[in-house]
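Asks: Dumping the structure here so I can ask a few things about it.
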Amino acid sequence: MGATADVDPRAFRQALGQFATGVAVITAEAADGQAIGLTMSSFNSVSVDPPLILFSIDRKAFSLKAMTEAKGYAVNILGRDQEHLSNKFARALGDKWAAVEHTLGHEAAPLIAGALAHFECAPYAQYDGGDHVIFVGRVVKFSAYPANEPLVFFRRAYRSLASTERSPEWPLPMHY
């Protein structure tokens, strides 16, 4: 394959946009006790045994240092009705937590009310991911409330699913 210089970054991002993803807000408590949160679609499962997930954060992100030092963090999977939260946590700085209902989870990581799922994690590993840092978390607790439609991002816009049918064997709600 060619060198990185051979890849047009704009065309590459456009091609990546062909992959529909869910939207999550990653949260943690910073060393100074402040709550931090970032919107992202770079979340996925890694392993069931042990239970591991991963997400990545841009090296230019204002809260990257706080996230690398966090004792724990939470992945909040957003529902379709939480688009406003996705937009709020996508912005750098500002008072992201104003009027955001939440409770505290593992190591005081905020759990956003109304999320479809929460994954409370202990840091497991961090890896170089080019212009991002890849975080792998060991899930210590999770809960799921799959009654609502997920917030989906596709081709640089929020989308709705054509069908919201769910498997009848999926129990509501789940806490582990």
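Asks: Within the stretch 107-132, how many residues turn out to be within 16 Å of the chain's Cα centre (by Cα) and not in a strand (DSSP E or B)?
Replies: Residues meeting the conditions: 5.
Asks: OK, next. Can you tell me which residue is nearest to the chain's Cα centre (by Cα) among those in the stretch 49-62 that are open to solvent by 20 Å² or more (accessible area, probe 1.4 Å) and aliphatic (A, V, I, L, M)?
Replies: Ranking the candidates gives L54 first.
Asks: Still on this structure, please answer the following. Please enumerate the residues belonging to the stretch 68-79 that are surrounded by fewer than 16 Cβ atoms within 10 Å (Cβ to Cβ) and either aromatic (F, W, Y) or not in a loop (DSSP other than H, G, I, E, B) (or both).
Replies: T68, E69
Asks: Residues to consider are V46, V25; find the one that is in a strand (DSSP E or B), of a type in the set (A, V, I, L, M) and surrounded by fewer than 18 Cβ atoms within 10 Å (Cβ to Cβ).
Replies: V46
Asks: Before we move on, is K65 in a helix (DSSP H, G or I), among the charged types (D, E, K, R), at pLDDT 90 or above and open to solvent by 20 Å² or more (accessible area, probe 1.4 Å)? Talk me through it step by step, then tell me what you get.
Replies: On the way: in a helix (DSSP H, G or I): yes; among the charged types (D, E, K, R): yes; at pLDDT 90 or above: yes; open to solvent by 20 Å² or more (accessible area, probe 1.4 Å): yes.
It is true that K65 is in a helix (DSSP H, G or I), among the charged types (D, E, K, R), at pLDDT 90 or above and open to solvent by 20 Å² or more (accessible area, probe 1.4 Å).
Asks: Out of curiosity, is I77 modelled with pLDDT of 95 or more and touching a Ser or Thr at 6+ places or on another chain (Cβ under 9 Å)?
Replies: No: the conditions fail for I77.
Asks: I'd like to check something: does the stretch 80-101 contain any residue that is in contact with a strand residue (DSSP E or B) (Cβ under 8 Å, 6 or more places away or on another chain) and part of a strand (DSSP E or B)?
Replies: No, that holds for no residue.
Asks: Moving on. Between residues in the stretch 89-113 that are on the phi > 0 side of the Ramachandran plot and residues that are open to solvent by 90 Å² or more (accessible area, probe 1.4 Å) and of a type in the set (F, W, Y), which pairs lie under 9 Å by C-beta distance while being six or more apart or on different chains?
Replies: L93/F62
Asks: Could you tell me whether A108 is more than 15 Å from I134 (Cα to Cα), aliphatic (A, V, I, L, M) and at pLDDT 95 or above?
Replies: Details: more than 15 Å from I134 (Cα to Cα): yes; aliphatic (A, V, I, L, M): yes; at pLDDT 95 or above: yes.
Yes.
Per-residue answers, yes or no, for (1) surrounded by fewer than 16 Cβ atoms within 10 Å (Cβ to Cβ); (2) under 21 Å from L64 (Cβ atoms); (3) of a type in the set (D, E, K, R):
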site: P110; (1), (2), (3): no, yes, no
site: F119; (1), (2), (3): no, yes, no
site: G129; (1), (2), (3): yes, yes, no
site: F142; (1), (2), (3): no, no, no
site: N148; (1), (2), (3): yes, no, no
site: L151; (1), (2), (3): no, no, no
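Asks: Does F135 qualify as being of a type outside the set (D, E, K, R), crowded, with 22+ Cβ neighbours inside 10 Å, touching a residue at least 24 places away in the same chain (Cβ under 8 Å) and assigned to a strand (DSSP E or B)?
Replies: Spelling it out, F135 is indeed of a type outside the set (D, E, K, R), crowded, with 22+ Cβ neighbours inside 10 Å, touching a residue at least 24 places away in the same chain (Cβ under 8 Å) and assigned to a strand (DSSP E or B).
The values are calculated or read from the model by the stated rules, or taken from the named source; none is laboratory data. Only a predicted model underlies this, so the values are computations on that prediction, with no experimental measurement involved. Please note: Cβ atoms are built from the backbone with ideal geometry, for glycine as well, and neighbour counts cover all protein chains shown. Accessible surface areas use protein heavy atoms only, side chains included; no ligands, DNA or RNA. Shrake-Rupley method; radii C 1.70, N 1.55, O 1.52, S 1.80 Å.
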